[in-house]
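Trainee: Pasting in a structure now, in C-alpha coordinates, and then I'll have a few things to ask.
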Amino acid sequence: MSIRRITENVYELNLGKSNAFLIDDEKLTLIDTGEPDSSGLILELLQSIGRQPDDLKNILLTHSHPDHSGSAADLKAITGAKIYMHPAERKWVEAGYIPKPERPHFTGLVNRLIYRMFIAGAPGSITPFRIDRLLEDGEWLPIGGGIQAVHIPGHSEGQLAFFFPGAKNVLFAADACDNLFGLGYSTFYEDFEAGRHSLEKLATFDFDIACFGHGKSILHGAGMKFGRKFIGHHHHHGGHPQRAAAAAGEEATIRVHEPEERI
Ligand SMILES: [Zn+2]
Ligand SMILES: [Zn+2]
(Lines give C-alpha, C1' and ligand atoms only; values in the text may rest on other atoms or scores of the structure.)
(Ligands and ions follow the chains in the order given, each with its own letter.)
Protein backbone atom coordinates (compact mmCIF):
# COMPACT_ATOMS: atom_id res chain seq x y z
CA MET A 1 0.00 0.00 0.00
CA SER A 2 1.75 3.11 -1.18
CA ILE A 3 1.46 6.31 -3.14
CA ARG A 4 3.96 7.27 -5.84
CA ARG A 5 4.16 10.48 -7.82
CA ILE A 6 4.55 9.60 -11.49
CA THR A 7 4.23 13.03 -13.10
CA GLU A 8 3.90 16.57 -11.79
CA ASN A 9 0.15 16.02 -11.24
CA VAL A 10 -0.47 12.27 -11.36
CA TYR A 11 -0.08 9.84 -8.48
CA GLU A 12 -0.24 6.04 -8.53
CA LEU A 13 -2.01 4.52 -5.51
CA ASN A 14 -1.05 0.90 -4.95
CA LEU A 15 -3.99 -0.54 -3.01
CA GLY A 16 -2.68 -4.11 -2.83
CA LYS A 17 -4.88 -6.00 -5.29
CA SER A 18 -5.37 -3.14 -7.72
CA ASN A 19 -4.22 0.39 -8.42
CA ALA A 20 -6.06 3.68 -8.33
CA PHE A 21 -4.73 6.99 -9.63
CA LEU A 22 -5.01 10.56 -8.54
CA ILE A 23 -4.93 13.66 -10.71
CA ASP A 24 -4.03 16.76 -8.73
CA ASP A 25 -5.66 19.71 -10.49
CA GLU A 26 -5.94 21.86 -7.35
CA LYS A 27 -9.00 19.77 -6.69
CA LEU A 28 -8.53 16.03 -6.89
CA THR A 29 -9.81 13.44 -9.36
CA LEU A 30 -9.55 9.76 -8.52
CA ILE A 31 -9.44 7.07 -11.21
CA ASP A 32 -10.88 3.86 -9.70
CA THR A 33 -11.45 3.11 -6.04
CA GLY A 34 -10.05 -0.35 -5.25
CA GLU A 35 -11.99 -3.23 -3.79
CA PRO A 36 -14.68 -2.77 -1.10
CA ASP A 37 -13.37 -1.28 2.17
CA SER A 38 -10.51 0.62 0.52
CA SER A 39 -11.88 4.10 1.28
CA GLY A 40 -9.96 4.45 4.58
CA LEU A 41 -6.69 3.52 2.91
CA ILE A 42 -7.32 5.87 -0.03
CA LEU A 43 -8.09 8.79 2.30
CA GLU A 44 -4.93 8.01 4.33
CA LEU A 45 -2.88 8.11 1.13
CA LEU A 46 -4.50 11.48 0.26
CA GLN A 47 -3.59 12.78 3.69
CA SER A 48 0.00 11.63 3.23
CA ILE A 49 0.33 14.17 0.40
CA GLY A 50 -1.35 16.88 2.45
CA ARG A 51 -4.85 16.64 1.01
CA GLN A 52 -8.24 16.38 2.72
CA PRO A 53 -11.25 14.18 1.90
CA ASP A 54 -13.30 17.12 0.63
CA ASP A 55 -10.58 17.99 -1.91
CA LEU A 56 -11.80 14.95 -3.86
CA LYS A 57 -14.31 16.19 -6.46
CA ASN A 58 -14.43 13.55 -9.19
CA ILE A 59 -14.26 9.76 -9.34
CA LEU A 60 -13.70 8.32 -12.84
CA LEU A 61 -14.41 4.60 -12.95
CA THR A 62 -12.78 2.48 -15.63
CA HIS A 63 -15.25 -0.40 -15.18
CA SER A 64 -17.56 -2.07 -12.70
CA HIS A 65 -15.38 -4.96 -11.44
CA PRO A 66 -15.34 -4.91 -7.63
CA ASP A 67 -11.56 -4.32 -7.43
CA HIS A 68 -12.13 -0.99 -9.23
CA SER A 69 -15.61 0.20 -8.25
CA GLY A 70 -15.70 -1.42 -4.80
CA SER A 71 -15.20 1.71 -2.71
CA ALA A 72 -16.92 4.26 -4.96
CA ALA A 73 -20.11 4.36 -2.86
CA ASP A 74 -18.20 4.95 0.40
CA LEU A 75 -15.93 7.60 -1.11
CA LYS A 76 -18.89 9.42 -2.62
CA ALA A 77 -20.69 9.36 0.75
CA ILE A 78 -17.63 10.69 2.60
CA THR A 79 -16.39 13.28 0.11
CA GLY A 80 -19.39 14.18 -2.05
CA ALA A 81 -17.35 13.49 -5.20
CA LYS A 82 -19.19 12.94 -8.49
CA ILE A 83 -18.96 9.52 -10.14
CA TYR A 84 -18.33 9.15 -13.89
CA MET A 85 -18.67 5.91 -15.84
CA HIS A 86 -19.66 4.36 -19.17
CA PRO A 87 -23.39 3.49 -19.46
CA ALA A 88 -22.87 -0.19 -20.42
CA GLU A 89 -22.13 -1.31 -16.83
CA ARG A 90 -24.48 1.06 -15.06
CA LYS A 91 -26.99 -1.70 -14.28
CA TRP A 92 -24.40 -3.67 -12.29
CA VAL A 93 -23.19 -0.87 -10.05
CA GLU A 94 -26.74 0.28 -9.37
CA ALA A 95 -27.68 -3.30 -8.41
CA GLY A 96 -24.51 -3.73 -6.32
CA TYR A 97 -23.63 -7.00 -7.99
CA ILE A 98 -21.17 -7.52 -10.82
CA PRO A 99 -21.55 -10.95 -12.50
CA LYS A 100 -18.54 -12.89 -13.80
CA PRO A 101 -18.37 -13.53 -17.54
CA GLU A 102 -20.09 -16.75 -18.60
CA ARG A 103 -17.15 -17.93 -20.68
CA PRO A 104 -14.04 -15.91 -19.87
CA HIS A 105 -11.16 -16.03 -22.34
CA PHE A 106 -7.61 -16.58 -21.12
CA THR A 107 -4.43 -15.96 -23.09
CA GLY A 108 -2.44 -18.62 -21.26
CA LEU A 109 -2.25 -21.17 -18.49
CA VAL A 110 -0.91 -18.72 -15.89
CA ASN A 111 -3.82 -16.36 -16.42
CA ARG A 112 -6.26 -19.26 -16.28
CA LEU A 113 -4.79 -20.31 -12.91
CA ILE A 114 -4.81 -16.77 -11.53
CA TYR A 115 -8.45 -16.48 -12.50
CA ARG A 116 -9.32 -19.81 -10.90
CA MET A 117 -7.45 -19.02 -7.67
CA PHE A 118 -8.27 -15.37 -7.11
CA ILE A 119 -11.21 -14.27 -9.24
CA ALA A 120 -13.65 -17.11 -9.97
CA GLY A 121 -14.73 -17.51 -6.34
CA ALA A 122 -14.53 -13.84 -5.30
CA PRO A 123 -17.84 -12.25 -4.30
CA GLY A 124 -19.21 -9.94 -6.95
CA SER A 125 -20.97 -7.64 -4.54
CA ILE A 126 -20.26 -3.97 -3.87
CA THR A 127 -22.20 -1.23 -2.13
CA PRO A 128 -24.45 0.05 -4.94
CA PHE A 129 -24.22 3.65 -6.11
CA ARG A 130 -25.62 6.02 -8.68
CA ILE A 131 -23.51 7.38 -11.51
CA ASP A 132 -23.61 11.17 -11.69
CA ARG A 133 -22.37 11.50 -15.25
CA LEU A 134 -22.29 8.91 -18.03
CA LEU A 135 -19.28 9.01 -20.35
CA GLU A 136 -19.28 8.06 -24.02
CA ASP A 137 -16.32 7.19 -26.21
CA GLY A 138 -14.21 10.20 -27.14
CA GLU A 139 -15.65 12.63 -24.59
CA TRP A 140 -13.32 15.17 -23.01
CA LEU A 141 -13.73 16.32 -19.43
CA PRO A 142 -12.32 19.65 -18.25
CA ILE A 143 -10.04 18.10 -15.64
CA GLY A 144 -6.34 18.96 -15.49
CA GLY A 145 -6.53 20.78 -18.85
CA GLY A 146 -8.54 17.97 -20.47
CA ILE A 147 -8.90 14.22 -20.07
CA GLN A 148 -10.51 11.98 -22.67
CA ALA A 149 -12.66 8.90 -22.11
CA VAL A 150 -11.86 6.06 -24.54
CA HIS A 151 -14.27 3.14 -24.75
CA ILE A 152 -12.27 -0.10 -24.76
CA PRO A 153 -14.64 -3.08 -24.50
CA GLY A 154 -13.25 -6.60 -24.27
CA HIS A 155 -12.16 -7.17 -20.68
CA SER A 156 -15.59 -5.83 -19.81
CA GLU A 157 -18.34 -4.34 -21.94
CA GLY A 158 -18.21 -0.78 -20.66
CA GLN A 159 -14.55 -0.39 -19.86
CA LEU A 160 -13.02 3.06 -20.31
CA ALA A 161 -9.42 4.07 -20.63
CA PHE A 162 -8.49 7.70 -20.01
CA PHE A 163 -6.05 9.67 -22.13
CA PHE A 164 -4.51 12.55 -20.19
CA PRO A 165 -2.17 14.88 -22.02
CA GLY A 166 -1.30 16.82 -18.89
CA ALA A 167 2.25 17.56 -17.76
CA LYS A 168 3.17 14.45 -19.80
CA ASN A 169 1.00 12.29 -22.06
CA VAL A 170 -0.45 9.62 -19.80
CA LEU A 171 -2.73 6.73 -20.75
CA PHE A 172 -4.75 5.10 -17.98
CA ALA A 173 -5.24 1.71 -19.65
CA ALA A 174 -7.43 0.11 -16.94
CA ASP A 175 -7.63 -3.68 -17.42
CA ALA A 176 -7.26 -3.61 -21.21
CA CYS A 177 -3.89 -5.20 -20.42
CA ASP A 178 -1.68 -5.36 -17.35
CA ASN A 179 1.94 -5.03 -16.30
CA LEU A 180 2.12 -7.84 -13.76
CA PHE A 181 4.74 -9.98 -15.54
CA GLY A 182 5.79 -7.30 -17.98
CA LEU A 183 3.33 -5.70 -20.38
CA GLY A 184 0.82 -8.36 -21.40
CA TYR A 185 -2.77 -9.38 -21.85
CA SER A 186 -5.15 -9.03 -18.93
CA THR A 187 -5.97 -12.03 -16.73
CA PHE A 188 -9.26 -12.56 -18.56
CA TYR A 189 -11.50 -11.12 -21.24
CA GLU A 190 -15.26 -11.31 -21.67
CA ASP A 191 -14.66 -10.91 -25.40
CA PHE A 192 -11.08 -11.36 -26.53
CA GLU A 193 -11.57 -10.16 -30.11
CA ALA A 194 -13.05 -6.92 -28.81
CA GLY A 195 -10.23 -6.69 -26.25
CA ARG A 196 -7.58 -7.08 -28.93
CA HIS A 197 -9.26 -4.45 -31.06
CA SER A 198 -9.34 -2.10 -28.06
CA LEU A 199 -5.61 -2.62 -27.49
CA GLU A 200 -4.93 -1.70 -31.12
CA LYS A 201 -7.04 1.41 -30.61
CA LEU A 202 -5.05 2.37 -27.50
CA ALA A 203 -1.75 1.82 -29.31
CA THR A 204 -2.65 4.62 -31.74
CA PHE A 205 -2.68 7.23 -29.00
CA ASP A 206 0.37 9.38 -28.40
CA PHE A 207 1.47 8.58 -24.84
CA ASP A 208 4.75 8.07 -23.04
CA ILE A 209 3.40 6.86 -19.69
CA ALA A 210 0.91 4.03 -19.18
CA CYS A 211 -0.95 3.22 -15.97
CA PHE A 212 -2.68 -0.09 -15.28
CA GLY A 213 -5.30 -1.53 -12.98
CA HIS A 214 -2.75 -4.22 -12.13
CA GLY A 215 1.03 -3.88 -12.16
CA LYS A 216 3.37 -0.91 -12.07
CA SER A 217 3.02 2.09 -14.34
CA ILE A 218 5.37 2.27 -17.34
CA LEU A 219 7.09 5.64 -17.12
CA HIS A 220 8.93 5.85 -20.48
CA GLY A 221 8.18 4.81 -24.04
CA ALA A 222 4.89 3.17 -23.14
CA GLY A 223 3.21 3.97 -26.48
CA MET A 224 6.03 2.24 -28.37
CA LYS A 225 5.77 -0.78 -26.09
CA PHE A 226 2.02 -1.03 -26.73
CA GLY A 227 2.66 -0.88 -30.46
CA ARG A 228 5.27 -3.63 -30.34
CA LYS A 229 3.19 -5.84 -28.07
CA PHE A 230 -0.33 -5.41 -29.35
CA ILE A 231 -0.31 -4.29 -32.97
CA GLY A 232 -0.01 -6.40 -36.04
CA HIS A 233 1.07 -9.81 -34.74
CA HIS A 234 -2.14 -11.61 -35.59
CA HIS A 235 -2.29 -10.06 -39.05
CA HIS A 236 0.93 -11.75 -40.10
CA HIS A 237 0.96 -15.50 -40.16
CA GLY A 238 4.31 -16.78 -39.08
CA GLY A 239 5.10 -13.41 -37.57
CA HIS A 240 7.24 -10.59 -38.89
CA PRO A 241 8.39 -8.78 -35.78
CA GLN A 242 10.29 -6.09 -37.69
CA ARG A 243 7.28 -5.36 -39.91
CA ALA A 244 4.94 -5.28 -36.92
CA ALA A 245 7.29 -2.91 -35.12
CA ALA A 246 7.52 -0.67 -38.18
CA ALA A 247 3.74 -0.63 -38.51
CA ALA A 248 3.43 0.17 -34.84
CA GLY A 249 5.91 3.02 -35.16
CA GLU A 250 3.96 4.53 -38.03
CA GLU A 251 0.56 4.09 -36.47
CA ALA A 252 1.69 5.41 -33.12
CA THR A 253 2.16 8.85 -34.67
CA ILE A 254 -1.12 9.01 -36.56
CA ARG A 255 -3.47 10.11 -33.87
CA VAL A 256 -2.34 13.06 -31.81
CA HIS A 257 -5.36 14.06 -29.83
CA GLU A 258 -5.93 17.69 -29.14
CA PRO A 259 -8.47 18.40 -26.42
CA GLU A 260 -11.52 20.13 -27.84
CA GLU A 261 -12.28 21.68 -24.53
CA ARG A 262 -9.79 23.18 -22.10
CA ILE A 263 -10.59 25.00 -18.93
ZN1 LIG B 1 -11.45 -5.87 -14.37
ZN1 LIG C 1 -8.97 -5.31 -12.26
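The values are calculated or read from the model by the stated rules, or taken from the named source; none is laboratory data. These numbers were taken from a predicted model, which means no experiment stands behind them. Reconstructed Cβ throughout: ideal geometry from the backbone, glycine too, with neighbour counts over all protein chains shown.
Trainee: So, in the range 40-50, of the ones that are closer than 12 Å to Leu13 by Cβ and free of Cβ contacts under 8 Å to residues at least 40 places away in the same chain, which residue ends up surrounded by the fewest Cβ atoms within 10 Å (Cβ to Cβ)?
Mentor: Across the range 40-50, the extreme among qualifying residues is Glu44.
Each row is one residue, and each column tells you yes or no for (1) of a type in the set (Lys, Arg); (2) touching a Pro at 6+ places or on another chain (Cβ under 9 Å); (3) within 21 Å of Asp178 (Cβ to Cβ).
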residue	(1), (2), (3)
Leu30	no, no, yes
Gly50	no, no, no
Asp55	no, no, no
Ala73	no, yes, no
Ile78	no, yes, no
Ile83	no, no, no
Pro87	no, no, no
Arg90	yes, no, no
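Trainee: Residues to consider are Gly158, Gly223, Gly227; find the one that is modelled with pLDDT of 95 or more and within 16 Å of ligand 1 (Cβ to nearest atom).
Mentor: Of the residues listed, the single one that is modelled with pLDDT of 95 or more and within 16 Å of ligand 1 (Cβ to nearest atom) is Gly158.
Trainee: A follow-up question, please. Which one is farthest from the chain's Cα centre (by Cα), of the residues in the range 1-57 that are charged (D, E, K, R) and in a helix (DSSP H, G or I)?
Mentor: That would be Asp54.
Trainee: I need the full set of residues from the range 26-39 which are more than 21 Å from Ala122 (Cα to Cα) and surrounded by fewer than 18 Cβ atoms within 10 Å (Cβ to Cβ), in order please.
Mentor: Glu26, Lys27
Trainee: Take the residues in the range 65-81 that are closer than 25 Å to Gly146 by Cβ and in contact with a helix residue (DSSP H, G or I) (Cβ under 8 Å, 6 or more places away or on another chain), then tell me which one is farthest from ligand 2 (Cβ to nearest atom).
Mentor: Gly80
Trainee: Out of the range 178-194, which residues are buried (at least 18 other Cβ atoms within 10 Å of the Cβ) and either modelled with pLDDT under 95 or within 11 Å of ligand 1 (Cβ to nearest atom) (or both)?
Mentor: Asp178, Ser186, Thr187, Phe188, Tyr189, Glu190
Trainee: Of everything in the range 70-107, what is polar (S, T, N, Q) and without any contact (Cβ under 8 Å) to a residue 60 or more places away in the chain? Give them in sequence order.
Mentor: Residues satisfying the conditions are Ser71, Thr79.
Trainee: Moving on to the next point. Could you list, in sequence order, all residues of the range 110-164 that are within 19 Å of the chain's Cα centre (by Cα), among the aliphatic types (A, V, I, L, M) and over 30 Å from Asn9 (Cα atoms)?
Mentor: The answer is Ile119, and nothing else.
Trainee: Does Gly249 count as modelled with pLDDT of 95 or more and either among the charged types (D, E, K, R) or not in a loop (DSSP other than H, G, I, E, B) (or both)?
Mentor: Considered against the rule, which asks whether it is modelled with pLDDT of 95 or more and either among the charged types (D, E, K, R) or not in a loop (DSSP other than H, G, I, E, B) (or both), Gly249 comes out as no.
Trainee: Okay, moving on. Out of (1) without any contact (Cβ under 8 Å) to a residue 40 or more places away in the chain; (2) away from ligand 2 (no atom under 15 Å from the Cβ); (3) closer than 30 Å to Ile114 by Cβ, the odd one out for Ala176 is which?
Mentor: Checking Ala176 against (1) without any contact (Cβ under 8 Å) to a residue 40 or more places away in the chain; (2) away from ligand 2 (no atom under 15 Å from the Cβ); (3) closer than 30 Å to Ile114 by Cβ, the one that fails is (2).
Trainee: Quick one: Tyr97 ticks every box in (1) within 16 Å of ligand 1 (Cβ to nearest atom); (2) under 20 Å from Val150 (Cβ atoms); (3) in contact with a strand residue (DSSP E or B) (Cβ under 6 Å, 6 or more places away or on another chain) bar one, so which box is it?
Mentor: Unmet for Tyr97, out of (1) within 16 Å of ligand 1 (Cβ to nearest atom); (2) under 20 Å from Val150 (Cβ atoms); (3) in contact with a strand residue (DSSP E or B) (Cβ under 6 Å, 6 or more places away or on another chain): (2).
Trainee: Would you mind stating whether Ser125 is out of contact with any Phe, Trp or Tyr (no Cβ under 8 Å at 6 or more places or on another chain), at negative phi and among the hydroxyl-bearing types (Ser, Thr, Tyr)?
Mentor: no
Trainee: Of the residues that make up the range 22-36, is at least one within 25 Å of Gly146 (Cα to Cα), touching an Asp or Glu at 6+ places or on another chain (Cβ under 7 Å) and within 16 Å of ligand 1 (Cβ to nearest atom)?
Mentor: Yes: the range 22-36 contains one or more residues that are within 25 Å of Gly146 (Cα to Cα), touching an Asp or Glu at 6+ places or on another chain (Cβ under 7 Å) and within 16 Å of ligand 1 (Cβ to nearest atom).
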